[in-house]
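Visitor: One structure follows; several queries about it will come next.
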Amino acid sequence: MTADIRFFWARLNANYWFYPALFSIIGGVLAFVMVWIDRAGFAEFLNEVDWIVPARPQGAANMLTVMAGSMIGVASTVFSITIAAVAYASGNYGPRLLTNFMEDRGNQLSLATFIGSFVYALIVLRAVRAEDETPAAAADAAATALPGFTPQLSLLVAYALMGLCVAVLVFFLNHIPSSIRINKVLEGIGERLLDAIRETYPVEDEFRDALQPKGGEALTAWDTGYVQLIDFDDLARIARKCGGTFSLRVRTGDFVHRDMPFMDVDGCSHEDIEDRVRDCFTLGSTRTPEQDPQFLIDELVEIGLRALSPGINDPFTAINALHWLGAATAEIGRRDLRKEICGQDGEGCPVIPLPDDFDHYVSRGFGAMRSAVAASPIAAEVMLDTLANAAMPIRDEKRQALLKEQAEKLAQQARLTLVGPDLERFEDHLTEFNRTFW
């Protein structure tokens with residue numbers, strides 16, 4: 001499977017239209033099946049159930065009309081509320097969070113349930129025959145002993161769908177305000193980041209860094225955009241077939257443009273592999289979380305920097321971002337940073353990704369937030385605690401030293417911005433930090 005197909009599938013169910021379209025098809029198929037069951041006479045047993053009063057055509061038509069109209073109205077309201085929530089979140093927390101809300105299954109499935117129920121009610125409504133109408137076929141005439149035709153079983157399913165829609169509406173009204181709370185937003189990013197780290201680097205308690213590239217003749221990019229997905233399996237098959245080694249010069253999430261070197265090829269002819277190699281890369285206008293833990297780290301950093309900006313001045317949101325960043329750093333620090341891209345570690349793989357060492361991730365996270373954190377007394381102290389807590393589960397001294405280096409750089413920055421009692425308190429905290437953890 002090429003990278004384009006894999007990326008298409010990964011992004012297909014991340015759009016608002018996919019699940020509503022799917023549920024519309026399911027609702028339509030369900031409606032045709034239920035009407036066929038009613039026409040075939042398989043639902044006649046309902047007439048013998050005492051507590052079920054058979055519906056008349058006029059009542060059934062009215063009920064289905066009300067259901068269809070209300071469902072499409074509620075669906076419009078749900079979509080409007082969702083767009084308002086997305087606009088609020090992207091404006092306050094950062095535009096890159098738009099992807100997270102677009103992928104929210106609660107929003108997608110809520111909208112899809114109303115749309116699917118609307119389609120079901122509309123199709124069943126078409127099958128209702130008034131008492132004074134002539135049956136279109138003998139099957140219609142034999143389907144019920146009552147005048148006209150009322151699909152009784154289809155109507156009961158419509159009632160069940162209506163009850164489901166009420167429950168979904170209650171869920172949605174609770175889900176939307178909950179999903180835009182900053183603690184919930186940070187939790188979603190943080191949990192997703194931890195899962196991405198565990199998937200990308202599955203080996204724990206080994207502290208090898210990624211392999212260094214072997215060089216070779218540069219292969220240049222053919223288009224402009226962000227690298228959204230790399231099909232490492234196909235790249236490995238191509239490299240083995242030609243007997244060469246591919247050393248990547250870009251990672252997922254990097255921006256490339258035409259004639260920019262993105263991979264070094266050693267031992268293969270460019271003419272033989274160029275087209276096939278390009279099919280292994282997906283380029284697009286935006287970054288996505290697939291294969292890109294740094295994208296999620298950047299989201300945490302962006303929220304923290306916005307919170308510490310003078311216009312917002314919300315250090316407690318920045319503290320929450322630091323906590324999740326510390327958890328992710330600790331998770332990265334205890335893992336082997338060689339990607340298993342060929343079903344094995346990098347030793348025997350002919351594809352060498354661009355190295356992602358521990359220093360790279362620390363600089364991308366804590367390093368990017370350091371200058372803003374240094375200007376906030378409370379955030380600076382929390383960052384010291386977070387660095388210490390992140391270092392505790394890491395048993396590699398070199399990686400621990402990198403976290404200590406970040407604390408020293410934070411101290412240098414804080415001495416330029418903090419004054420008076422705030423600086424004295426920070427210095428006391430730094431002394432305790434060095435004495436306790438180092």
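Visitor: What number comes out for the charge environment of K241, summing +1 per Lys or Arg and -1 per Asp or Glu over other residues with Cβ under 10 Å away?
Guide: Details: positive: R237, R240, R276; negative: D272.
Here the charged neighbours net out to +2.
Visitor: Quick check: with the 1.4 Å probe, what order do L219, L125 take by accessible area, largest first?
Guide: Numbers: L219 5, L125 50 Å².
The ranking, largest first, comes out as L125, L219.
Visitor: So for the chain, taking the charge dipole from beta-carbon charges (+1 Lys/Arg, -1 Asp/Glu), which of P393, L283, G215 sits furthest toward the positive end?
Guide: Of P393, L283, G215, it is L283.
Visitor: What fraction of the DSSP beta bridges in the chain is antiparallel, stated in percent and rounded to the nearest 5? Don't skip to the answer; put the middle values down first.
Guide: On the way: 16 of 18 bridges.
In the chain, approximately 90 percent of DSSP beta bridges are antiparallel ones.
Visitor: Sort K404, K214, K339 by heavy-atom solvent-accessible area, probe 1.4 angstrom, most to least.
Guide: Values: K404 65, K214 140, K339 45 Å².
Heavy-atom accessible area, descending, gives K214, K404, K339.
Visitor: Would you please put 106-114, 351-359 in order of how densely packed they are, using the mean number of other Cβ atoms within 10 angstrom per residue and starting with the highest? Present the calculation step by step, with values, prior to reporting the outcome.
Guide: Details: 106-114: 22.8, 351-359: 19.7.
Order by mean packing, descending: 106-114, 351-359.
Visitor: When the scattering of region 281-403 is computed by the Debye formula from its Cα atoms alone, each counted once and equally, what is log10 I(q)/I(0) at q = 0.09, 0.16 Å⁻¹?
Guide: Each listed q maps to, in turn, -0.30, -0.83.
Visitor: Just add up the charged neighbours of S269: K/R +1, D/E -1, any other residue whose Cβ is under 13 Å from the Cβ of S269. Can you show the working numbers first?
Guide: Details: positive: K241, R276; negative: E217, D266, E271, D272, E274, D275.
Taking every Cβ under 13 Å from that of S269, the sum is -4.
Visitor: Continuing with this model, one more query. Strictly under 4.7 angstrom between C-beta atoms: which cysteines of the chain have no such partner?
Guide: C165, C280
Visitor: For V170 paired with Q412, estimate the spin-label separation in nm (one decimal), with each label point 7 Å from Cα along the Cα-to-Cβ line.
Guide: About 5.9 nm, to one decimal.
Visitor: What figure, in Å² to the nearest 10, do you get for the accessible area of F232 with a 1.4 Å probe and non-protein molecules left out?
Guide: 30
Visitor: Report, in debye and to the nearest 20, how large the dipole of the chain comes out about its Cα centre when Lys and Arg carry +1 and Asp and Glu carry -1 on their Cβ. Don't jump to the answer; show the numbers that get you there.
Guide: Values: 38 positive and 58 negative charges, 133 e Å.
Rounded to the nearest 20 debye, it is 640 debye.
Visitor: When the helices in the chain are scored as -39500 (n - 2.57) per DSSP H run of 4 or longer and the sum is shared across all residues, what 222 nm value do you end up with, to the nearest 500 deg cm²/dmol?
Guide: Numbers: 17 runs with 270 residues, N = 438.
Dividing the helical sum by the residues of the chain leaves -20500 deg cm²/dmol.
Visitor: Something else now. Applying a 10 Å radius around every beta-carbon, put 251-262, 326-337 in order of their mean neighbour count, most first. Mind showing how you got there, number by number?
Guide: Numbers: 251-262: 15.7, 326-337: 22.1.
The most tightly packed comes first, giving 326-337, 251-262.
Visitor: Which residues in region 75-90 have a backbone N closer than 19 Å to a point placed 7 Å from the Cα of K184 along the Cα-to-Cβ line?
Guide: Residues 77-90 qualify, since their backbone N sits under 19 Å from the label point.
Visitor: Something else about it: Over the chain, what percent of the accessible surface lies on carbon and sulfur atoms, probe 1.4 Å? Before the final figure, lay out each step's value.
Guide: On the way: 11750 of 20760 Å².
Carbon plus sulfur share of accessible area: 57 percent.
Visitor: Distance check, please: which entries in K241/K339; K339/K409; K339/K404; K214/K409; K214/K398 exceed 28 angstrom between their Cα atoms? Kindly include the intermediate steps, with their values, before the conclusion.
Guide: Working: K241/K339 21 Å; K339/K409 30 Å; K339/K404 26 Å; K214/K409 33 Å; K214/K398 24 Å.
Over 28 Å apart, Cα to Cα: K339/K409; K214/K409.
Visitor: Which whole-number percent gives the relative contact order of region 236-313, counting Cα pairs below 8 Å spaced six or more residues apart?
Guide: On the way: 48 pairs, mean separation 20.7, N = 78.
In percent, rounded to a whole number, it is 27.
Visitor: With the crude spin-label approximation of a point 7 Å out along Cα→Cβ, what separation in nm comes out for V66 versus R276?
Guide: Rounded to a tenth, the inter-label distance reads 6.5 nm.
Visitor: Which angle between 0 and 90 degrees, to the nearest 10, do you get for helix 397-417 versus the longest principal axis of the chain when only C-alpha atoms count?
Guide: 90
The values are calculated or read from the model by the stated rules, or taken from the named source; none is laboratory data. Here the structure is a predicted model, which is why all the values come from computation and not from measurement. Ideal geometry is used to build each Cβ from the backbone, glycine not excepted, and the neighbour counts take in all protein chains shown. Just so you know, the surface numbers come from the protein's heavy atoms only, side chains and all, with ligands and any DNA or RNA stripped out. Shrake-Rupley method; radii C 1.70, N 1.55, O 1.52, S 1.80 Å.
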